[in-house]
Amino acid sequence: MDSFPVNVTIDTTKPRLNQTDDRLIFPDEIMRNGVTAAYLDRPENNNQVRATIPRYDESSTGPKPGDIITWYLNERPGGGDPDQLRVDSLIVPYPVPALLEAVYPGKAFVDFGDREGYARYRIEDRAGNISELSARVDLDVRATPTPRNLPWPDIEKAPGSGELVTLDPLRTTNGTVVTLPAAADIYPGEEVLVQWADPDQFGHWETPPGAATDEFHIPQSCIAPQIGKTINVRYQVLPGTGMDPISSSVRRLSTSVPPANGFAGLECEGGPNLSFAAIGTNGVKLTLRSWRFIAAGQRITLEVSGAAMQGSETLVFKALDKFLVRQEHVGIGLGVLEDIRVTKGFLGQLKRNVSNGISLKVFLSFDGGETWPPVPNFTTTYLTLGD
């Protein structure tokens, strides 16, 4: 038994491009100056070029949902297969927007190279019918990024005009400020951030993005870890979405080591003259006042040393060894929250009645224990131990 006949309509009509002018409509600046690196770099252009697609199929219903619009970038002169230089495509959504655009990413022009080219597009409808290629729009492509002049930054309280400058940490109370040179090639609307030390270094700091004219504050807590070191300071320009940051030339910053007498030494209960007979069984208590640049994460060693009662050996007792400074120590120092003592047993091994015969030494690592000073970096306290 035969089925009922079914009428099937096959659409074989290909999309009809705009009959007045079917060429892509690029911004006037692109038509005047070509596709330049400067145009792509500007934040408002978002590293891309947008071209309006003229309305097509005007004799029927216009663009239809499901139509596929594909656009190309070809070299000039020469025809060639446009699919070899296909850039991107879009599927017309529902509802159909009033404006359809072909978006050329900046990378497409950079990969194309600096030469003359042309842009065009074509349309495929849901039935698979493909339109003619549109007319060409000639483009002068000069999108290869131009090297920027980004001289090294200036650092407040670190005088000098050369690559290497020195910062005296004792001149900083609330950190320091990094500013950008006026000669830096930074375009309007671009943001900038400053990197203080390399990312893998202790004390690295990256400022929030700001304008090129801003002052970029480096907190005091980022200065102390660099004492005795030389670090890189640079700024990065953020050109826009999808574009890699552009780094400036590097300023080398050496942070000098403050003299030890700038930091008060250990204090000893009952000192500086001790009577061994008067010392309790739990020894003597030590305290260290809060010091300039104190910060959580630092590590500290407290050493007590003196000549042995017998022989010529120098004996050393570590009251603290690579002790981690915590936030609660900031402002009060050490020996308040914890009981730091030198044992009576150790003191009993030392020579007595030697003026200033016992040394109390402080070794502070500003960078969390990565580096240690070869000599005490606080004032050394001396005690005399009597009978």
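So the values come out like this:
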item	result
FRET efficiency, Trp372 to Glu163 (Cβ-Cβ, R0 30 Å, nearest 0.05)	0.60
Chain lengthening between Ala98 and Glu267 when straightened (0.36 nm per residue, less Cα-Cα)	52.8 nm
Gained length - Phe276 relative to Thr384, 0.36 nm times residue gap less alpha-carbon distance	37.9 nm
Gain in span if fully extended, Ala307 to Met31, counting 0.36 nm per residue against the direct Cα distance	90.7 nm
Selection from Tyr94, Pro54, Ile223, by position along the positive dipole direction of the chain (Cβ)	Ile223
FRET efficiency estimate (nearest 0.05) - Cβ-Cβ, Asp200 to Lys318, R0 25 angstrom	0.25
Which listed pairs, of Lys285/Lys322; Lys157/Lys318; Lys322/Lys344, have C-alpha distances above 26 Å, in listed order	Lys157/Lys318
Estimated [θ] at 222 nm from DSSP helical runs (n ≥ 4, -39500 (n - 2.57)) normalised by residues in the chain, nearest 500	-1000 deg cm²/dmol
Residue (of Thr144, Pro63, Thr166) at the positive-pole extreme of the chain, dipole from beta-carbon charges	Thr166
Contact order normalised by residue count of the chain, Cα under 8 Å, 6+ apart, percent	13 percent
Two-site FRET efficiency, Arg76 against Glu132, from Cβ-Cβ distance with R₀ of 22 Å, rounded to 0.05	0.70
Segment 153-222 versus segment 248-278: alpha-carbon centroid distance in Å	28 Å
Cα gyration tensor category, rounded, prolate or oblate, for the chain with a/c compared to 1.5	prolate
Segments 288-296, 304-312 sorted - mean Cβ within 10 Å per residue, highest first	288-296, 304-312
Value of relative contact order over segment 160-298, rounded to a whole percent, pairs C-alpha under 8 Å and six or more apart	25 percent
Exposure proxy order (Cβ contacts within 10 Å, fewest to most) of Ser249, Ser60	Ser60, Ser249
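Each reported figure results from applying straightforward, stated rules to the coordinates on display, with no laboratory input. No experiment lies behind these values; they were computed from the predicted model shown. FYI the Cβ positions are ideal-geometry reconstructions off the backbone, even for glycines, and counts take in every protein chain you see.
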